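Data block below; observations after.
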Amino acid sequence: MERHRRSIVPVSWRATGTIDTFVISLLLTGSARLAGGIASVEVFTKMVLYYPHERAWSRIGWGGEDGRGSVEDDLHGPGRRPAGHRPPPGGDPPGAAS
């Protein structure tokens, strides 16, 4: 059942986004035909843009075992924490700068 749900949720979300685009376009243009055209184009542009978007996000180091650092390192530099940093419950992970 979970596998089926994981297949349906993205399709449902994409359909919701396309309907949203259609409604906004209809409100702005007053033309159902033009709104339908905009929504149709949007379906394809979103599919094309999804790949480079995912590739860009996959290049961000999330502090995993790949040794690429943490989100804090990306934002503040290696080993630095912002002023007022409070460790998470249970403390900072081993090796984290304070």
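Subtracting the Cα-Cα distance of residue 34 and residue 4 from 0.36 nm times their residue separation leaves 7.4 nm of extension gain.
Here each label is just a point 7 Å from Cα along the line to Cβ, and for residue 62 and residue 46 those points are 2.2 nm apart.
Backbone phi angles across segment 21-30, fed through the Karplus curve with coefficients 6.51, -1.76 and 1.60 (θ = phi - 60°), yield HN-Hα couplings of 4, 4, 5, 4, 4, 5, 5, 7, 9, x Hz in residue order; Gly and Pro are listed as x.
No lab work stands behind these numbers, since they all come straight from the coordinates. As the structure is a prediction and not an experimental result, all values here were calculated from the model. Counting neighbours? That spans all protein chains shown, and the Cβs are built from the backbone with ideal geometry, glycine included.
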